[in-house]
Amino acid sequence: MDTPTSEGTPSPKAQSWGAFLSIVVIMLMIIIGAFYAWGKRIAEEKALQTPLTASSTTY
């Protein structure tokens, strides 16, 4: 098991894992946010298209 190099300081191996996990979490947040924004945009486009097709069929 890795022991800290000094009092309260993690080993370099533990620091590299922390950096890796931080990058993974940030990338997941970006991906989830992108899918959320994309889904919202598609929903807005469908909402705009629905009244147009309904009003054009009544004429």
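Looking at Pro4 and the list (1) in contact with a Pro (Cβ under 7 Å, 6 or more places away or on another chain); (2) of a type outside the set (A, V, I, L, M); (3) at pLDDT 95 or above, which single condition is not satisfied?
Result: Pro4 passes all but (3).
Could you please find all residues in the stretch 15-59 being surrounded by 10 or more Cβ atoms within 10 Å (Cβ to Cβ), at pLDDT below 95 and of a type in the set (Val, Ile, Thr)?
Ile42, Thr50 - these are the residues of the stretch 15-59 that are surrounded by 10 or more Cβ atoms within 10 Å (Cβ to Cβ), at pLDDT below 95 and of a type in the set (Val, Ile, Thr).
The values are calculated or read from the model by the stated rules, or taken from the named source; none is laboratory data. Everything numeric here is computed off the predicted structure, so don't read it as measured data. All Cβ positions, even for glycine, are placed from backbone atoms using ideal geometry, and neighbour counts span all protein chains on display.
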